[in-house]
Structures are given as structure tokens and as C-alpha cells.
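Asker: Please read through the structure below; I'll follow up with questions.
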């Protein structure tokens, strides 16, 4: 910045604008100390300050011409950012594209006090079509061909994602280490194979796979790739260019989610779908890390997930606060997630959604009926204001198996007394019906048959799709990148 040949009569002031952490505005953690909390020498500055933007102010060396602190700008916007030197094209993230779109009109919310509830067991006729699966579909073709597990993996992990991984990993190695990685497709697949193997053959430290001790040595891994080469790939694996950072908190893995969601569409949709939260275990520091009490994985990244009742994942969207790539409908967060997942996954009409009390509302059922989807879920007590059910405390005094039924349009609302009071709302029932379940009688020490509404029985049967998918993942957790 400074030219040694300049006149010594000129005084220079250099204003350094520290870089702001990308996720600092999303984090609930304590911030770092202020500039006055650190002590150090001006000759030994950290890398963050040396790489930060700076502004050079040069004036004549005159005592009467002094620059006050008020004259130094608090923020500086460089005319040409560093990334523009290498690439003149503007970089836009997926979140920026969503925000740049024309905002959608919010859906009309009908309050409960404006609804007319009837004590009837037969709601108005529904317009939800019958779910049709055309044959032969992709799932049937895969079963008939009896493919190798490798073929199934390559089907779900598309070639575009593999090619991007090779390109960006080689680029990252060149940018950070100033040396070529020379990662090939064969090496990448071998690397993925070692990760998959680590899911069912685990050791405390990954270097033990290459140990000469017979109790931990894995011959298939050690023969497939050298340990040092595996470490090189592990340290350089990337799917994006780090010089094109965006405001998306998940920009480093956004490509993975987009490509996987696209490949998941190969399989046909089943009739019953489950919407729930998933957690990816993470104990580090990140602005999007969540804590959910009662979950098997309490700390980590939260995903909004849409899966079939058999556990097949159809679509997943990471939760990033205002950067979550799901449209806002005006019905609240839960209903917006269900509608957004159905829209992005391109769910065909006639499918039936099951969701818990985080997502269920009467407004959601109204909109799902308009889109010709079935919808059923448990309702929270604070969303039942002005609904003419008996008070919950009085209902708890009734015998187990007692139910109360209301209808509102094509919706059926059922309150049932079990160990606790359960309220279900659905738009899929033509009329109220019951089945029987076994419950333990403490006094007589026998199992009694207790009447249970059919809509609650269907909820219990089809709700666990996302949990089943999570269970399958936990059983084969691989090495973390």
C-alpha cells in the first residue's frame, strides 16, 4: 500500500475494517471480546486483520491538519471485493434467489371463533382423490434386477455431485496448500467405501484401520487406500468454492442437499407420508446448532424431513432460521413447513400426510384440502381456543376410552381419553369409526379392550416414518468429515 518513494512530508492513516463472522448474526453464543480486551504488538497482527479490508488516508504532515477519530469511517464498502479479481460474475446463493422472488400473498387465516362446529360423526364429503401408483415404477425395476449395493449407491448419489466433489476438492487443495490433490473418480468412490465400512466396523480412531494389530486391522480398507492418502482426501473434501461465499449458513453443503433431494425423486411416493424433525449430531459452535429436549440426538443441526411410512426419505431441508428455503404462508412455522415440503418434493395429489402437534392446525387442513392432500395430526391445546370441547380437566375424569367428536366442514376433530387427553384433527375420514386396543388394568391385573378412534389408530401406524429413517442412520454412523 505504501510507496517508499513518497515524500516524507505526508502522514498516512490506515483504517482496518475487521471481518465479521458469517454466522455471528445467527448465533446465540457469547461474542468474542472487544478490541480493547486484547493486548499485543502492532508488528505481530493476526491473520484476520492482515487479510481484512483497509483504507489508506494520506494527508500533508502538518500539526494544524490532524485527522480526528470522528473523521475515520466506521464501515467501508470496497469498490471491488477480492473475489471480483478472479471472477467478475456475481455470486448469488439459493437463499438470495428465494428472497429475490416476488413475495407470495399470505394465505387467509380463519379464526376458530369464526368457524361453525357441529356435534356430528359425519363430516362433509371430502374431495381428496385416490392415490395411484403406476407400474412398473423405479422401485419395482430395482427389485427385479437385483442390483449390487454399489449400483443403488450410485443411483442415489448422482454423477453430477461426484464430479463437483472432485473438482472442488482439487481446487480447495490448490487454494489452501498450493499443491494439487489429483483426486480421481476411482479414488473418490474408494474413499466413500471406507466411510461406509466405518459405519458397521467402528474403531475408536480411524488410523486403527491401518494398524498392524490383528484385533483392529481392516484388510479391505488398508488394501484399498493408503492411510496418508485417506487423510489428504479427508482434509480437502469440498463441494463448493470457498472464494464464493454467500450469506447462506449452509452454503458449504447446500449442493449436497439439492442433489440428494433431486435423486430421491427417482422412487415413487407411497400413499402415507410422515413430516417430522430430524437431527444431525453436532457439538461444535455454529449459529444454526439447535437443542431439542426429548430427542435421541439433542444437539446438532435440525432438518425438516418428509419421509414415507416405511422410512424412505423424499425431501429434507436444513433449518437455518430466516435462511430456511421454505416459503412463508402466513399460517405459522409448522403449517408452512408441511406445505413447503409438499411443494418442493412435488408430492402428487392423493397422498396422505401425518404430522405431530408442532405442525397441525385447522388452517393447515383447510389448505391441504384445497391442494387435494390428506392431512391428519395431533393438535396442541393452545390451538383449540373457541372449539366447543369439554374442558381438559373435566375430560380427564372420564373413563379410559371415552371420546368426543366434532365436525367443521370436511374436518373431523376427535378428543380421546387414554393415559392423557389426545386431540386429533383430520380431513380424511368420511365418518367417525372406532377400533379396539389393549390396555393394562392395574386393579384387575389383566389386559382390557379399550375403544380407540380409527383416526388415532392410523396416526400411530403411519407417523413413525422419519423416526424409522433416523434409526436406520444411527445404526450405521460413519466417520465424520
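The values are calculated or read from the model by the stated rules, or taken from the named source; none is laboratory data. Computed from a predicted model, the values in this text were never measured in an experiment. Neighbour counts are summed over all protein chains in view; Cβ atoms, including those assigned to glycine, are modelled from backbone coordinates with ideal geometry.
Asker: Within the group 275, 239, which residue is buried (at least 17 other Cβ atoms within 10 Å of the Cβ) and outside any loop (DSSP other than H, G, I, E, B)?
Answerer: 275
Asker: Does the stretch 362-392 hold any residues that are without any contact (Cβ under 8 Å) to a residue 60 or more places away in the chain, over 30 Å from residue 346 (Cβ atoms) and in contact with a strand residue (DSSP E or B) (Cβ under 9 Å, 6 or more places away or on another chain), and which are they?
Answerer: 381, 389, 390, 392
Asker: Does the stretch 134-146 include one or more residues that are in a loop (DSSP other than H, G, I, E, B), in contact (Cβ under 8 Å) with a residue 12 or more places away in the chain and either on the phi < 0 side of the Ramachandran plot or over 27 Å from the mean Cα position of the chain (by Cα) (or both)?
Answerer: Looking through the stretch 134-146, at least one residue is in a loop (DSSP other than H, G, I, E, B), in contact (Cβ under 8 Å) with a residue 12 or more places away in the chain and either on the phi < 0 side of the Ramachandran plot or over 27 Å from the mean Cα position of the chain (by Cα) (or both).
Asker: Further, regarding this structure: Looking at 300, 334 in this structure, which one is under 17 Å from the mean Cα position of the chain (by Cα) and on the phi > 0 side of the Ramachandran plot?
Answerer: None of the other options fit; the residue is 300.
Asker: May I ask you to verify whether residue 457 is closer than 25 Å to residue 296 by Cα, surrounded by fewer than 19 Cβ atoms within 10 Å (Cβ to Cβ) and within 37 Å of the chain's Cα centre (by Cα)?
Answerer: Yes.
Asker: Could you check the stretch 405-420 and list, in sequence order, the residues that are surrounded by 18 or more Cβ atoms within 10 Å (Cβ to Cβ) and over 28 Å from residue 130 (Cβ atoms)?
Answerer: Listed by number, the residues that qualify are 415, 417.
Asker: Continuing with the same structure: Tell me, which residue of the stretch 303-323 that is within 12 Å of the chain's Cα centre (by Cα) and under 30 Å from residue 132 (Cβ atoms) is surrounded by the most Cβ atoms within 10 Å (Cβ to Cβ)? Lay out the reasoning, then the answer.
Answerer: Keep residues of the stretch 303-323 that are within 12 Å of the chain's Cα centre (by Cα), which gives 303-306, 315-321, 323.
In the following step, the residues that additionally are under 30 Å from residue 132 (Cβ atoms) were identified as 303-306, 315-317.
On the way: 303: 20, 304: 24, 305: 23, 306: 28, 315: 25, 316: 20, 317: 21.
Ranking the candidates gives 306 first.
Quick grid of which residues meet (1) over 21 Å from residue 475 (Cβ atoms); (2) in the same structural domain as residue 342 (by TED's automatic domain parsing); (3) modelled with pLDDT of 95 or more:
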position: 274; (1), (2), (3): no, yes, yes
position: 281; (1), (2), (3): no, yes, no
position: 297; (1), (2), (3): no, yes, no
position: 323; (1), (2), (3): yes, yes, no
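Asker: In contact (Cβ under 8 Å) with a residue 12 or more places away in the chain, under 21 Å from residue 196 (Cα atoms), outside the structural domain of residue 458 (by TED's automatic domain parsing) and surrounded by fewer than 19 Cβ atoms within 10 Å (Cβ to Cβ): is that true of residue 257 in this structure?
Answerer: yes
Asker: Can you tell me which residue among 348, 327, 335 is assigned to a loop (DSSP other than H, G, I, E, B), closer than 26 Å to residue 259 by Cα and either touching a helix residue (DSSP H, G or I) at 6+ places or on another chain (Cβ under 7 Å) or assigned by TED's automatic domain parsing to the domain that holds residue 152 (or both)?
Answerer: Answer to the check: 327.
Asker: How about the stretch 278-300: which of its residues are more than 20 Å from residue 468 (Cβ to Cβ) and either buried (at least 16 other Cβ atoms within 10 Å of the Cβ) or in contact (Cβ under 8 Å) with a residue 24 or more places away in the chain (or both)?
Answerer: The answer is 285, 286, 287, 288, 289, 290.
Asker: Something else now. Tell me which residues, restricted to the stretch 364-376, are under 17 Å from residue 124 (Cβ atoms) and not in a loop (DSSP other than H, G, I, E, B).
Answerer: 365, 366, 367, 368, 369, 370, 374, 375, 376
Asker: Among the numbered criteria (1) in contact with a helix residue (DSSP H, G or I) (Cβ under 9 Å, 6 or more places away or on another chain); (2) farther than 30 Å from residue 267 by Cβ; (3) without any contact (Cβ under 8 Å) to a residue 12 or more places away in the chain, which single criterion is violated by residue 174?
Answerer: (1)
Asker: Then there is this: Looking at the stretch 203-227 only, could you name the residues that are surrounded by 12 or more Cβ atoms within 10 Å (Cβ to Cβ) and either in contact with a strand residue (DSSP E or B) (Cβ under 9 Å, 6 or more places away or on another chain) or assigned to a helix (DSSP H, G or I) (or both)?
Answerer: Once the filter is applied, which keeps residues that are surrounded by 12 or more Cβ atoms within 10 Å (Cβ to Cβ) and either in contact with a strand residue (DSSP E or B) (Cβ under 9 Å, 6 or more places away or on another chain) or assigned to a helix (DSSP H, G or I) (or both), the stretch 203-227 yields 206, 207, 208, 209, 210, 221, 222, 224, 227.
Asker: Then there's this: State yes or no: is residue 384 at pLDDT 95 or above and either in the same structural domain as residue 453 (by TED's automatic domain parsing) or over 17 Å from residue 456 (Cα atoms) (or both)?
Answerer: No; evaluated as a whole, the condition is false for this residue.
Asker: Now, a different point. Kindly check whether there is at least one residue in the stretch 423-430 that is over 26 Å from the mean Cα position of the chain (by Cα), over 28 Å from residue 312 (Cα atoms) and surrounded by 12 or more Cβ atoms within 10 Å (Cβ to Cβ).
Answerer: yes
Asker: Right, next: Condition test on residue 359, is it farther than 18 Å from residue 465 by Cα, assigned to a loop (DSSP other than H, G, I, E, B) and in contact with a strand residue (DSSP E or B) (Cβ under 7 Å, 6 or more places away or on another chain)?
Answerer: Against the criterion (farther than 18 Å from residue 465 by Cα, assigned to a loop (DSSP other than H, G, I, E, B) and in contact with a strand residue (DSSP E or B) (Cβ under 7 Å, 6 or more places away or on another chain)), residue 359 does not qualify.
Asker: Give me the pairs: first residue in the stretch 214-233 and in the same structural domain as residue 182 (by TED's automatic domain parsing), second residue exposed (fewer than 11 other Cβ atoms within 10 Å of the Cβ) and assigned to a loop (DSSP other than H, G, I, E, B), beta-carbon distance under 9 Å, and six or more apart or on different chains, which are they?
Answerer: Between residues of the stretch 214-233 that are in the same structural domain as residue 182 (by TED's automatic domain parsing) and residues that are exposed (fewer than 11 other Cβ atoms within 10 Å of the Cβ) and assigned to a loop (DSSP other than H, G, I, E, B), the close pairs are 216/204.
Asker: In this structure, does residue 194 turn out to be within 30 Å of residue 143 (Cα to Cα) and surrounded by 15 or more Cβ atoms within 10 Å (Cβ to Cβ)?
Answerer: Details: within 30 Å of residue 143 (Cα to Cα): yes; surrounded by 15 or more Cβ atoms within 10 Å (Cβ to Cβ): yes.
Considered against the rule, which asks whether it is within 30 Å of residue 143 (Cα to Cα) and surrounded by 15 or more Cβ atoms within 10 Å (Cβ to Cβ), residue 194 comes out as yes.
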